[in-house]
């Protein structure tokens, strides 16, 4: 098969697999949250509610698409797509097994982090284009939050990079053949905690969901969205969380490493990503929401200096342990 | 020199930043019913608030003039529908005070049991919705909310076994109560009380060991002792500001002097102090229920048994003001009787109405997110505010 055909088919497969996973992850989260709250969760559509995501998707597709009169139409209509593209693009560099991925760039992790920060453009467009005061406040919060938490997120993600000595994601995964980075003494655990906290914050999940903040801002930047546009925003948000969960599993849990034959690799990777995702979900359903000024203080006064010190400390350890330096 | 502003509109001095007027309510996820606040914002900070009520006005006081003393208690429960027992209680007490009607001891104890269980149910709903305001329906708040609703169900089950209704009861009657305890109710009630007592410890640990909960509540919405008294707060709000005022203690009614309980007082005046007061009240109410079940005397449940028609109760000419300590504070009923089967005039003193008046005084200067936290800590029920 010529190379360009492969480059067309591989993204198509990955994109559809991601869409399927994202759809069903909503069910996983709802079931998990229901267990935490001593409920049953979705149960009616299909056995154990297994068809619920499909029913939801059909419902959202059939909803009327309302555009506010005062909205800035081009910006308003474009925002969900601008939001969705970076959320899907982050999967491009993730290798799901040795040699199995869309593009194994030599700057894979930089690509991931850079693209993942671009979701803010879509968020702000949605908040601004809706011409709604709640949405506008939410958009302003979004800028605050993403800027403050992307830095600790990047610093925490760079710790495994230093330990592995490569920016290529498959190299980082391969470097954990002996020891998963989450078990690396002290540094690994601290970096993982920082990674989880900044993931929760950078993905706008509760307790940092001040963008959505439905008890203050009703639904934040997507308050005016309905039907399929709402679904696309929702899809993008979940895709982003799943992407970050895959990254977490790759950076700290050795990606596809696990017992069993080689074809089990992607399955192990998916399971580990789901563990990271459930960890984020667990945090989400246990905390009350933090206020915007407290959130900024937490990032700039605590998390950012801490991750920076951790990064420098890791660098020192790596240099110290490298023979011949 | 009064510190209380003449209108509900409060706005801080202009600092030069651009201001945005944002309408919050009457239809808003955390409006607790139909409260409308027109906020003036400088970025995230609230600099002005205009609080508006009246969206749930149902002419309750006029309605009371058209209903007999036997009919109205069932309707009185619709003012404060979250703690329905207390409004009935205030109304029948006012009628009894005018008519100098004796209430048998057993009926008094049954009234206390119902009122205290109602307080627990109401506080459970408050805790759940307050955490929902702060934590969001898609976050940790929903978890606390669902736990609290689960426990509240057990109390509603007890009321259902007692009265047949789960939300609006009509349990209190002039001269006593309408129903005696069904067989086995006492044991179920004891089990439920013990169960909820254990669960409340769990919630307290869950919330107070949570740093996010603490930073959201401590130092937020501080009400000074002077302001609390000047605005006329009552219930957990005034006790959270360091005033030791509980009608069950200062003006005992319905045999409350027979029971041994503590009145919690916190001096912080912030949302956390109000939360602490209510958490202690949970346990004290459960203690009172236990004592009342223990000491429950035998005897008739009403001094006016066998009601043959709704117009049978006639109250002689006179007027009286009766007050009870509801879940939200002092619930008062001013009644003027003219000798007929219906009152001549009736006026409610809603605890939520008076408590809500504190909002314009404490909200300016806080962030948008604090508005919902403060409003939740006031625990208004709009059926009682607008009546």
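Being over 16 Å from residue B:36 (Cα atoms) and in the same structural domain as residue B:176 (by TED's automatic domain parsing): is that true of residue B:313 here?
Numbers: over 16 Å from residue B:36 (Cα atoms): yes; in the same structural domain as residue B:176 (by TED's automatic domain parsing): no.
Against the criterion (over 16 Å from residue B:36 (Cα atoms) and in the same structural domain as residue B:176 (by TED's automatic domain parsing)), residue B:313 does not qualify.
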* Asked: Of (1) crowded, with 23+ Cβ neighbours inside 10 Å; (2) closer than 30 Å to residue B:40 by Cα, residue A:144 satisfies all except one. Which?
  -> (1)
* Considering each of B:91, B:109, B:172 in turn, give the residue that is farther than 23 Å from residue B:315 by Cα and in contact with a helix residue (DSSP H, G or I) (Cβ under 7 Å, 6 or more places away or on another chain). => B:109
* Structure fact -> A careful count of residues in the range B:150-189 that are in contact (Cβ under 8 Å) with a residue 60 or more places away in the chain, within 13 Å of residue B:84 (Cβ to Cβ) and in a helix (DSSP H, G or I) gives 0
* Check B:112, B:92 and return the single one that is within 21 Å of residue B:175 (Cα to Cα) and in contact with a strand residue (DSSP E or B) (Cβ under 9 Å, 6 or more places away or on another chain). => B:92
* Go through the residues of the range B:124-137 one by one and say whether even a single one is in contact with a helix residue (DSSP H, G or I) (Cβ under 9 Å, 6 or more places away or on another chain), within 14 Å of chain A (Cβ to nearest Cβ), at pLDDT below 90 and not in a helix (DSSP H, G or I). => yes
* Looking for whichever is at pLDDT 85 or above and part of a helix (DSSP H, G or I) here; the options are A:146, A:197, A:182. Which one fits? => A:197
* Structure fact -> Of (1) in contact (Cβ under 8 Å) with a residue 60 or more places away in the chain; (2) surrounded by 24 or more Cβ atoms within 10 Å (Cβ to Cβ), residue B:141 fails just (1)
* To do: Go through (1) in contact with a helix residue (DSSP H, G or I) (Cβ under 8 Å, 6 or more places away or on another chain); (2) in the same structural domain as residue B:252 (by TED's automatic domain parsing); (3) surrounded by 21 or more Cβ atoms within 10 Å (Cβ to Cβ) one by one and return the number of the condition residue B:360 breaks.
  => (1)
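Taking the condition under 30 Å from residue A:126 (Cα atoms) and touching a helix residue (DSSP H, G or I) at 6+ places or on another chain (Cβ under 9 Å), does residue A:79 pass?
Details: under 30 Å from residue A:126 (Cα atoms): yes; touching a helix residue (DSSP H, G or I) at 6+ places or on another chain (Cβ under 9 Å): yes.
In short, yes.
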* Asked: Does any residue of the range B:231-250 turn out to be in contact (Cβ under 8 Å) with a residue 24 or more places away in the chain, surrounded by fewer than 21 Cβ atoms within 10 Å (Cβ to Cβ), within 18 Å of the chain's Cα centre (by Cα) and closer than 23 Å to residue B:201 by Cα?
  -> no
* **Candidates B:116, B:191 - the one that is closer than 22 Å to residue B:294 by Cβ, in the same structural domain as residue B:239 (by TED's automatic domain parsing), at pLDDT 90 or above and surrounded by 24 or more Cβ atoms within 10 Å (Cβ to Cβ)** => B:116
* Which listed residue is within 14 Å of chain A (Cβ to nearest Cβ) and either in contact with a strand residue (DSSP E or B) (Cβ under 6 Å, 6 or more places away or on another chain) or in a loop (DSSP other than H, G, I, E, B) (or both), from B:340, B:332, B:365 -> B:365
* In the set A:53, A:42, which member is assigned to a loop (DSSP other than H, G, I, E, B), closer than 27 Å to residue A:272 by Cβ and either at pLDDT below 85 or in contact with a helix residue (DSSP H, G or I) (Cβ under 9 Å, 6 or more places away or on another chain) (or both)? -> A:42
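Would you point out the residue of the range A:118-128, among those that are closer than 15 Å to residue A:223 by Cα and surrounded by 24 or more Cβ atoms within 10 Å (Cβ to Cβ), that is farthest from the other protein chains (Cβ to nearest Cβ)? Please lay out each step first, then the result.
Applying the first criterion (closer than 15 Å to residue A:223 by Cα) to the range A:118-128 yields A:122-128.
When the remaining residues are screened for being surrounded by 24 or more Cβ atoms within 10 Å (Cβ to Cβ), the result is A:122-123, A:126-127.
Values: A:122: 20, A:123: 17, A:126: 18, A:127: 14 Å.
Only one residue fits best here, namely A:122.
The values are calculated or read from the model by the stated rules, or taken from the named source; none is laboratory data. Note that this is a predicted model, so its numbers are computed, not measured. Backbone-built Cβ (ideal geometry, glycine too); neighbour counts: all protein chains shown.
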